[in-house]
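**Student:** Got a structure for you, written out below as structure tokens; questions coming shortly.
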Amino acid sequence: MRLARKHYEWLIGLTLAALLLAGCMPETPLSATPANVTGQPTAAPLSIAAQYVAAGEYTAAESLYRQALQDVPNDPRPALELARLYRTWHRPQLGLAALDEAARRNASGDEITPIRLELLASDGNWPQVAAEAEARLVTVPEDRSALEWLTRAQLQQYQCVTATTTAQRWLAAAPDNHEARIILGTLTYDVISLCEVEARFCALPQSGGAAQLGTLLIHNGNWPLAACALTRAVAENGTSAEAHAWLGEALARLDRPEEARPHFLRASELAPQSPLPWVLLGLHELSQQRTEAANTALQRARSLDPTNPLTYLSLAEVQAQAGAYDKVDAWIAAALNVAPTDGDVAKAAARFYLERHLIQDTYPIRAIQSALQIAPEDGEAYMLLGWYRLISGDWNGALTALDQAVKFMPQLGQAHYLRGLALQATGDAEAARKAFTRAADLGYWP
């Protein structure tokens, strides 16, 4: 059910933050010359492409690397550099294809393996990461990159004991590696070692603090390692509702929904008056398409904490999942009413409608206007306004709003893409092409 959970990632992210505080080639580059280019027009294409990469103009760099592939058909360097570009650009499938071309051109394993392991990890193919890292370690037992990625793959697959052994090998091969020390210190609950690495770990007790450690790791978004720490916490204290709840969420993040659910249920049994287990259980049931169970859990959370706007947003998702779109406005309104000064809630409410191409009565415009009133220079809020106007067919109004969006938030790829649609609709094909290229450079591909 990975896709279902990803559909609600924006809502899960907002909820967790609140709980924890409580391939196309370009026709023309964007600029006439890449930033900081000082060479003459006859400079080597690979060197110029590297400068495009440094300037963030990835589409232009991609074009040059692909041209170099044709110009020097036996040289592995263009393929390797293209793979590195795709690694930076978070396009793993294209990167892996570039590495296959590099291998055909006789690039060495030392050059290919580290990039390939990282691309496979970026693609979420953790079993293949583990298999290829293990194969590499047969011939090069102290390969630091292979040891690192094997450790990470084992953590992603919830193999805490096996990962401990691999992390020991990794740290032996790279004794000064910051991440290796944190991972091994966490897996063995070595507070002294952790404190030596980062001061934030120094407040942990010498024993019995695995739940606290897990929470620290969640704050950093390190769900695989948090899962191991929280497994230890539950073993130490099986009656900790908070440990069960967060272990459930960590396992859900590792795409282990059936293992996660018993921990959510156990947490709700241990602390039936706490809203945390009910919220997390409700979101989990929602992501697994268990609509009625989600509604039951979220209604319980709402009764325990009627001031949490994110519970109301979640209940709107429940109605949408049930196809009851006539009932969502009331829950969205409730979310906005209990958090009238929270711009993130207003933007999340707007996205609820825009992602479904819904225009209902005063929504999503009420939420968008609220977001802009709260933060008049919020680029994302202007992007939502532009998106709304695109759906409404107001091309010029959309362009005006999206111009503001990219002014206030120039790195927002979706805003550039939507601006390209508005420019296209108003007949400015060349400006639209540049906007689409900029969106792609920033990693936005609809």
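The values are calculated or read from the model by the stated rules, or taken from the named source; none is laboratory data. None of the values given here were measured: they were computed from a predicted structure. Glycine gets a Cβ as well: all are built from the backbone with ideal geometry, and neighbour counts include every protein chain shown. Keep in mind that these areas ignore ligands, DNA and RNA; they rest on the heavy atoms of the full protein, side chains included. Shrake-Rupley method; radii C 1.70, N 1.55, O 1.52, S 1.80 Å.
**Student:** ³J(HN,Hα) across the range 238-255 via Karplus (A = 6.51, B = -1.76, C = 1.60, θ = phi - 60°), whole Hz, x for Gly/Pro?
**Tutor:** Karplus values, whole Hz, x for Gly and Pro: x, 9, 7, 5, 5, 5, 4, 4, 6, 5, x, 5, 4, 5, 4, 5, 8, 6.
**Student:** Would you please put 428-437, 331-340 in order of how densely packed they are, using the mean number of other Cβ atoms within 10 angstrom per residue and starting with the highest? Please report the intermediate quantities before stating the final value.
**Tutor:** Values: 428-437: 17.5, 331-340: 19.2.
Per-residue mean Cβ counts within 10 Å order the peptides as 331-340, 428-437.
**Student:** Could I ask something else about it? Short version: ³J(HN,Hα) in whole Hz for each residue of the range 302-317, in order, from phi by Karplus 6.51 cos²θ - 1.76 cosθ + 1.60 (θ = phi - 60°), x for Gly and Pro, what are they?
**Tutor:** Karplus values, whole Hz, x for Gly and Pro: 5, 5, 7, 9, x, 9, 8, x, 6, 5, 5, 4, 5, 5, 5, 4.
**Student:** Test of the criteria: in the range 321-424, which trypsin sites (Lys or Arg not before Pro) are in a DSSP loop and have at most 10 other Cβ atoms within 10 angstrom of their Cβ? Kindly include the intermediate steps, with their values, before the conclusion.
**Tutor:** Numbers: sites: K327, K347, R351, R356, R366, R389, K407, R419; in loops: R356.
Here no loop site has a sparse enough neighbourhood.
**Student:** Next question, about the same structure. Taking the Cβ-Cβ separation of R290 and D100 as r and a Förster radius of 35 Å, what is the calculated FRET efficiency to the nearest 0.05? All intermediate terms of the calculation are to be shown ahead of the outcome.
**Tutor:** Working: r = 41 Å, r/R0 = 1.18.
E(calc), rounded to 0.05, equals 0.25.
**Student:** Something else: When the Karplus curve 6.51 cos²θ - 1.76 cosθ + 1.60 is applied with θ = phi - 60°, which whole-Hz ³J(HN,Hα) does each residue of the range 94-102 get, with x for Gly and Pro?
**Tutor:** Per-residue couplings from phi come out as 5, x, 5, 5, 5, 5, 4, 5, 4 Hz.
**Student:** Hey, for a label at E430 modelled as a point 7 Å past Cα toward Cβ, could you say which residues of the range 380-413 have their backbone N under 19 Å away?
**Tutor:** Within reach of a label on E430: no residues.
**Student:** Also: Show me 169-175, 114-120, 223-229 ranked by packing, highest mean number of other Cβ atoms within 10 Å first. Provide the component values of the computation, followed by the final result.
**Tutor:** Numbers: 169-175: 17.4, 114-120: 22.7, 223-229: 25.6.
Top to bottom by mean Cβ count within 10 Å: 223-229, 114-120, 169-175.
**Student:** For the range 297-379, state which GluC sites (Glu not before Pro) are in a DSSP loop and have at most 16 other beta carbons lying within 10 Å of their beta carbon. Please list the in-between numbers first.
**Tutor:** Values: sites: E317, E355, E377; in loops: E355, E377.
Qualifying residues, ordered by number: E355, E377.
**Student:** What is the chain by shape, rounded, prolate or oblate, if you read a ≥ b ≥ c off the alpha carbon gyration tensor as root eigenvalues and call it rounded for a/c under 1.5, prolate for a/b larger than b/c, and oblate otherwise? Don't skip to the answer; put the middle values down first.
**Tutor:** Details: a/c = 2.24, a/b = 1.07, b/c = 2.10.
It comes out oblate by the Cα gyration axes.
**Student:** Please give the per residue accessible area of the range 171-305, computed with a probe of 1.4 Å over protein heavy atoms only, in Å². Can you show the working numbers first?
**Tutor:** Numbers: 5420 Å² over 135 residues.
Roughly 40 Å² per residue, with all protein chains present.
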